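The values are calculated or read from the model by the stated rules, or taken from the named source; none is laboratory data. Values in this document were obtained by computation on a predicted structure and should not be read as measured data. Neighbour counts are summed over all protein chains in view; Cβ atoms, including those assigned to glycine, are modelled from backbone coordinates with ideal geometry.
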Amino acid sequence: MLVTDPDSFLPALLRGGQKAATLSLSLLAVYCVWLGFFKVMEKSGLSEKLSRAVYPAARRLFRSNDREALLLASCNLSANILGLPGAPTPLGVRAVEKFCAAGEHYAADMLFVLNATSLQLLPTTVIALRLSFGSLSSADIILPTLLCTLFSSAFGALLVFLTRKR
């Protein structure tokens, strides 16, 4: 474009920059809302209750007895399931540090894989992206996303289980 039509290069460059800034601001707003929502959940004790509900399954899934690491991993998984962007990362990092310090590398590997596959009930970031680009039915992706992330999480967990060191 620069060589073939130099007069339209700068306007196209500026339009691209404007679109990038608009998208960044809309994603920033979504992140702020959901991180604020997660902070309210933390302060109200709802995230603790949700992680305690996930705790028995996490104990079997991660094969660990480290209560603190399992609660961190449960909070991480709960935040991922709710589609809260950015919120689960510090929890997951602390959980992996605790798992590795205890020598429970299987648990750390499993948490890494489950974070990478990220089972989500509400894909909030993708819905926000679709809204920002003018989608009329931005929430239509909820069921396909749920099915895809459910399958990828189950498949990833199965692979970690099958490839663990005995």
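Would you point out the residue of the range 20-38, among those that are surrounded by 13 or more Cβ atoms within 10 Å (Cβ to Cβ) and not hydrophobic (A, V, I, L, M, F, W, C), that is farthest from the chain's Cα centre (by Cα)?
Ser26
Scan the range 33-76 for residues that are out of contact with any Leu (no Cβ under 9 Å at 6 or more places or on another chain), under 17 Å from Asn115 (Cβ atoms) and β-branched (Val, Ile, Thr) and report the count.
So the count comes out to 0.
Could you say which residue among Ala101, Ala116 is under 24 Å from Thr163 (Cα atoms), at pLDDT below 90 and surrounded by fewer than 18 Cβ atoms within 10 Å (Cβ to Cβ)?
When all the criteria are applied, what remains is Ala116.
If we only count helices (runs of 4 or more DSSP H) wholly inside the range 1-117, which ones have 2 or more residues that are charged (D, E, K, R)?
Here the list reads 9-44, 46-62, 67-81, 88-101.
For Arg67, indicate whether it is within 24 Å of Lys98 (Cα to Cα), of a type in the set (Lys, Arg), surrounded by 12 or more Cβ atoms within 10 Å (Cβ to Cβ) and over 15 Å from the mean Cα position of the chain (by Cα).
Criteria not met by Arg67.
Mind checking which residues of the range 129-166 are outside any helix (DSSP H, G or I) and farther than 25 Å from Ala107 by Cα?
Phe133, Gly134, Ser135, Leu136, Ser137
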